[in-house]
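What follows is a set of notes on a single structure, which appears directly below.
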Amino acid sequence: MRGLMQHDPLVVNRILERALTFFPRQEIVTWTKDGVHRETFAAFGGRVGRLASALSALGVGPGDRVATFAFNTYRHQELYLAVPCMGAVLHTLNIRLHADQTAWIANHAGDRVVFVDAPLLPAFAAIAPHLASVRHVVVMGEGDRRPFPGGLDYEELLDAAAPDVAWKEPDEDEAAAMCYTSGTTGHPKGVVYSHRSTVLHATMVNLASCLGLTDRDAVLPVVPMFHANAWGLPYAALMAGSKVVLAGAASADPAALVSLIQSERVTVATGVPTVWTGLLQVLEGTRCDLSSLRLVTVGGAATPVSMIERFRDLAGVEVVQGWGMTETGPVASLSFLPAETRGLSESERIRMRARQGRVVPGVRFRVVSPDGRVAPWDDRTKGELEVKGNWVAESYYNDEKSAERFHDGWLRTGDIAVIDAHGSIRIVDRAKDLVKSGGEWISSVDLELELTGHSSVLEAAVIGVPDEKWDERPLACVVVKPGKSVTPDELRTFLAPRVPKWWLPEKIVFLAELPKTSVGKLDKKVLRQRFREPRLPGPTP
């Protein structure tokens, strides 16, 4: 027997309609070097319609890929809605990749139009000669246009466009957006989000058991809009009627972020750990009012306990760790504490929040041990984390090797994890980052988290390096906080009661900074390349 319910397509168009109908006076605020730019949802809706008309005039039709090479701005937000609502596919290009890799991605996706922020034209000029499918380049904002003089002007296109657009509603299973993985091994992989998956993901984000966004919130996605759809927040915030606060070219400027949080009374902010490390340094040296913040979410890498404690002590802010991938929509789990943990001590509760937490409603998971069995919830049995759900990819775009990552309807994440009795996930390591020493596994993540707990350590990365006796041993690369000092022996003494004795790294090197990927994660492949020889330089103070 079938249900007798109506079927209203789950399309991004509904998100736009709701935002304009119920929250026309809400704002999208963008940091610029000349001050903040403000745009009401009503004005936003008019510009989105003109943008769709302009794209049609350029020959863009259903299914065509429209790329962006841009910061987090109101214009980028306009593209987030106009492109999928007209049936085309939004493709956010990573502005920090090498020109050759960006060109490969754009050609693989078949991009027809690229929208570029004017300050990024020098970087784009190195990419443009290698683009095979692009027919138009549109320049957004003010800046020196000499690096690419042939681009169309965004504002001129909108001024000349028809004010009204007859939206042709897409099918909910049609593509709404594309994003490519970071490509740490081989070429990046294309993930194609459908309208249905985008709307369901936004709905999940707004659940009370997740981020719980409402029209009383001001949301600051510090995570780039070119990275996994900024964790879905540009859509979730509009759906909820939240104020949207965008940091423009200042996303990597901690002082500017603090100023935005204070002036716009931001309530929810999201970003990778490196962003919050810089912001905490500002808080330690400046009196700031962050009382508006009710939630900071951290993703992209493991969150140190020390970071959660510092946010609590310096700003009274709750930190929740999230886990996900480009392939998972991206939010797949959050470390909100279940009710049964209320009796735990404060330190135990903070350690629980430093885990990756429970999967969000709509996502299923399992941990599969090397022998192929599903691991029990004992917080000890390790295995690869696998997930499935309505916003989890089922394959990569035009990729012959998809089958290696997808089997039996499950996505193999490449993350090694354990699960506790509460169903809380803890990522032990990426499979490729585990250190195998004497036949036993050492978690680089656990060592890094313990090292960053030392009061003198700003950041730490652990990699495996060749060892004649043990095959591999851990090497700790440490960045010391400004004005602080620590020795390798002091760090080993600090670690000794916290990790197994055979985990203690014989070699600890001090670096001025750690290499990062284009989205702010630790780039361990650079460290492995630097320290791949068995003989390593001795630690330096």
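Derivation of every value follows stated rules applied to the coordinates shown; laboratory data play no part. Not measured: the values here are computed from a predicted model. All Cβ positions, glycine included, derive from the backbone under ideal geometry; neighbour counts span all protein chains shown.
Loop-located trypsin sites (Lys or Arg not before Pro) across segment 265-328 with a Cβ neighbour count of 10 or fewer within 10 Å are Arg287, with loop assigned by DSSP. With q set to 0.14, 0.15, 0.17 Å⁻¹, the log10 of I(q)/I(0) for segment 1-149, from the Debye formula over equal scatterers at the Cα positions, is -0.73, -0.82, -1.01. Applying a DSSP loop filter and a limit of 12 other Cβ atoms within 10 Å to the GluC sites (Glu not before Pro) in segment 257-357 leaves nothing.
Taking the number of other C-beta atoms within 10 Å as the exposure measure, put Leu158, Leu411, Leu79 in order starting with the fewest. Write out the running numbers ahead of the final one.
Working: Leu158 19, Leu411 22, Leu79 25.
Least to most surrounded, the residues fall as Leu158, Leu411, Leu79.
Most tightly packed first, judged by the mean number of other beta-carbon atoms within 10 Å of their residues, the peptides 412-421, 136-145 read 412-421, 136-145. Convex hull volume of the C-alpha atoms in segment 434-530, normalised per residue: 97 Å³.
Mean projected area of the Cα convex hull of the chain, taken over all directions, amounts to 26.8 nm².
Computed over the alpha-carbon atoms, segment 4-68 gives an Rg to Rh ratio of 1.08, Rh here being the Kirkwood radius from the mean inverse distance. Could you sort out which of Lys243/Lys516; Lys484/Lys524; Lys382/Lys432; Lys382/Lys525; Lys401/Lys525 sit more than 20 Å apart by Cα distance in this structure? The answer is Lys243/Lys516; Lys484/Lys524; Lys382/Lys525; Lys401/Lys525.
The angle between the Cα long axis of helix 305-315 and the main principal axis of the chain comes to about 60°, on a 0 to 90 degree scale. Where does the Debye-calculated log10 I(q)/I(0) of segment 273-385 sit at q = 0.16, 0.19 Å⁻¹, using only Cα point scatterers of equal weight, no solvent? The computed values of log10 I(q)/I(0) come out as -0.84, -1.09.
Computed as a quarter of the hull surface, the mean projected area of the alpha carbon convex hull for segment 50-131 stands at 5.0 nm².
Could you put Asp34, Asp446, Asp173 in order, starting from the residue whose Cβ has the fewest other Cβ atoms within 10 Å?
Working: Asp34 7, Asp446 19, Asp173 12.
By the 10 Å Cβ count, ascending: Asp34, Asp173, Asp446.
Label separation (Glu513 vs Ser485): 2.4 nm, computed from points 7 Å beyond Cα along the C-beta direction.
Using Cα-Cα distances under 8 Å and only pairs 6 or more residues apart, what relative contact order does segment 434-530 have, in percent? It would help to have the intermediate numbers written out before the result.
Working: 156 pairs, mean separation 24.9, N = 97.
Over segment 434-530, the number comes to 26 percent.
What's the exposure ranking of Lys484, Lys521, going from fewest to most Cβ atoms within 10 Å? It would help to have the intermediate numbers written out before the result.
On the way: Lys484 11, Lys521 17.
Ranked by crowding around the Cβ, least crowded first: Lys484, Lys521.
From the Kirkwood radius over Cα pairs of segment 417-461, Stokes-Einstein at 20 °C and 1.002 mPa s returns a whole-number translational diffusion coefficient of 180 µm²/s. To the nearest ten degrees, helix 99-109 and the longest principal axis of the Cα atoms of the chain are 60 degrees apart.
What does the highest-first list of 467-473, 295-301, 392-398 look like by mean Cβ count within 10 Å?
Per-residue Cβ counts within 10 Å, averaged per peptide and sorted highest first, yield 295-301, 392-398, 467-473.
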